[in-house]
Amino acid sequence: MGGIFLRNGRGNICLFLLVIFAGIILGGFIGEYLGKLPFLTWLKFGRELGLTQPLILDIGFLKLTFALTIKFTLGGIIGLIIAIFAYRKL
């Protein structure tokens with residue numbers, strides 16, 4: 001992974017991850033809200049992966065609840081691709 005996305009393996013991994021997460025979040029946000037327009041509904045198409053019901057661990061004196069869901073949409077994927085190109089230009 002390092003050689004493909006990080007320039008000659010010397011790039012800053014923290015900056016790379018920040019740009020990628022920002023692209024995914026921004027793309028998902030834009031896809032969710034622009035997807036309300038009739039001609040851009042395709043931006044909201046996607047899949048939600050994860051635990052549909054929270055996992056509860058009750059050990060008497062402590063009760064823990066775990067849940068994780070990730071929503072992949074076309075808007076988020078487009079944001080990811082744009083973020084990768086933007087990082088390569090940095």
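Straight-line cross-link partners of Lys71 among the aspartates and glutamates, defined as a Cα under 13 Å from its Cα and at least 8 positions apart when in the same chain: Glu32, Glu48. Going by neighbour counts of Cβ atoms within 10 Å, the residues Lys71, Lys36 line up, fewest first, as Lys36, Lys71. Computed from phi, the 3J(HN,Hα) profile of the stretch 67-75 under the Karplus parametrisation 6.51, -1.76, 1.60 (θ = phi - 60°) reads 8, 8, 9, 10, 10, 9, 10, 5, x Hz, with x in place of Gly and Pro. Convex hull volume per residue, computed on the Cα atoms of the chain, equals 140 Å³.
Computed 3J(HN,Hα) for the stretch 20-25, one whole-Hz value per residue from the Karplus formula 6.51 cos²θ - 1.76 cosθ + 1.60 where θ = phi - 60°, is 5, 4, 4, x, 5, 5, glycine and proline marked x.
Between Ala22 and Phe85, the modelled label-to-label distance comes to 1.7 nm, taking each label 7 Å out from Cα in the direction of the beta carbon. Comparing Phe61, Phe29, Phe72 in a Gaussian network model of the chain (Cα springs below 10 Å), the most mobile by mean-square fluctuation is Phe61. The stretch between Phe29 and Ile13 holds 3.4 nm of extra length on full extension. This uses 0.36 nm per residue minus the Cα-Cα distance.
Any read-out appearing in this document is the output of simple, stated calculations on the displayed coordinates, not a laboratory observation. Since this is a predicted model, take the numbers as computed values, not measurements. FYI the Cβ positions are ideal-geometry reconstructions off the backbone, even for glycines, and counts take in every protein chain you see.
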